[in-house]
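Asker: Sharing a structure here in structure tokens format.
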Amino acid sequence: MLRTALLVAGKDLRQRLRDRSALVIAFVAPFVLASIIGLAFGGDYAFKATYAVADADKGPVATGFSDGLRDLVTVRQVDAGEARALVDRGDADAAFLLPAGFSASVQRGGAATITVLESGENPIAGQVARSLAQAYAAELAATQLAVRTALDTAGQPPPAAAEARRLGEGAAPGRLPVRLAEGQVGGRTIEAANYFGPSMAIFFLFFTVSFGARSILAERRQGTMWRLLASAASPGGVLAGKALAAFVLGTASVLVMWLATTLVFGADWGDPVAVVALTISSVLSAIGVTALVITLARTDEQAEGYSSLVVFTLALLGGNFVYLAQLPELLQRVSLLTPNGWALRGFVDLVADGGGLATVAAPVAVTLGVGLVTGGLALYRARRMVAA
């Protein structure tokens, strides 16, 4: 049986290595797509925005607001009409309109309005702009309350009241009570190459290893399966050989992706031993899942359609195309129902925590379990296919 498995594995590997499309899917496409997505999502994640300020007041309170903004974001000082035009064209992420009499109204203890115009192209910057205006308004309200309390103190002599009013006028022009600070939680930053390298390797892994099960259908259709079995080759040996070929090619695909992203982009996938362990368990789960799906098909076309549908569904749910942390909470939980979601979490944890085998113990166990269960079911169905 072992000799049969090795001969079948060698035959299948030679066929795949002569197939340029198989090489592209296994080695080229993952690297190219990871590079494109990484460039699209990579870069500096510090908050940056351009805000237009239309200050029709020119008073000390309005000036304090504008000066406070300059400490946080890029500010363009324009009139109200130009501010609206900048936001409408997308040249400014948001705009603040400060009406004439703004400072005087605040210093008298009256009401004043800051109008915030938000651009639909950058909703996050718009939310930050609204929050900044609200924070400044809250600061002014607190100052007015303190001044009003001082002025309304029973039995306070007039000079003290006048001094309290001057205190309020001096405090009102203060800067924004907000400071943006950059920081992170956890060990190391998850760079784009560290995330999309493994994610694209896992995504294309499912396509790479699916050839083993699909070749059973192809060989049955071509009649080569019967000739192979007629040569005293056992069905178990044939299936083991096809699984071995898929395992070798799938493992090589992920390891080459690891090497390429490390050399070209300086990616760090984490502890090498843990990476290899997670790679092996991920390959086994991919073989099991795709083999089970393909054994449900009767033709090559059905097999390709079924496997593509399952692979893309798993990729969308498992976070292969977007950062797991950016998925809605519901989808983050759903991703735990997919083997690729568990594998990707393992690779992310290796980078973020800098741990070893203990860090990926759960992802390895889950993906290995998925591979054994689905692989066992696929083996049962494939034996019936070969014997039929």
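Asker: For the range 97-142, what does the accessible surface come to per residue with a 1.4 Å probe? Please give it in Å².
Answerer: 50 Å²
Asker: Once you have all Cα-Cα distances for the range 2-91, histogram them in 10 Å bins from zero and send the whole-percent values.
Answerer: 13, 21, 16, 12, 11, 10, 10, 7, 2
Asker: As an exercise, identify the trypsin sites (Lys or Arg not before Pro) in the range 224-306 lying in DSSP coil whose Cβ has no more than 12 other Cβ atoms within 10 Å.
Answerer: Arg298
Asker: To the nearest 0.05, how large is the calculated FRET efficiency for Val256 and Leu39 if R₀ is 22 Å and r is the Cβ-Cβ distance?
Answerer: The formula returns an efficiency of 0.60 here.
Asker: For Thr115, list long-range residues whose amide hydrogen, built 1.01 Å from N in the peptide plane, is under 5 Å from its own amide hydrogen.
Answerer: HN-HN under 5 Å from Thr115: Leu97.
Asker: Can I ask one more? Using a probe of 1.4 angstrom, how much of the accessible area of the range 278-317 is carbon and sulfur, in percent? Could you put the intermediate results ahead of the total?
Answerer: Working: 1190 of 1730 Å².
Using a 1.4 Å probe with all protein chains present, the range 278-317 comes out at 69 percent carbon and sulfur.
The values are calculated or read from the model by the stated rules, or taken from the named source; none is laboratory data. The structure displayed is predicted, hence computed values, not measured ones. Please note: Cβ atoms are built from the backbone with ideal geometry, for glycine as well, and neighbour counts cover all protein chains shown. Ligands, DNA and RNA are stripped out before the accessible areas are found, and what is left, the full protein with its side chains, is counted by its heavy atoms. Shrake-Rupley method; radii C 1.70, N 1.55, O 1.52, S 1.80 Å.
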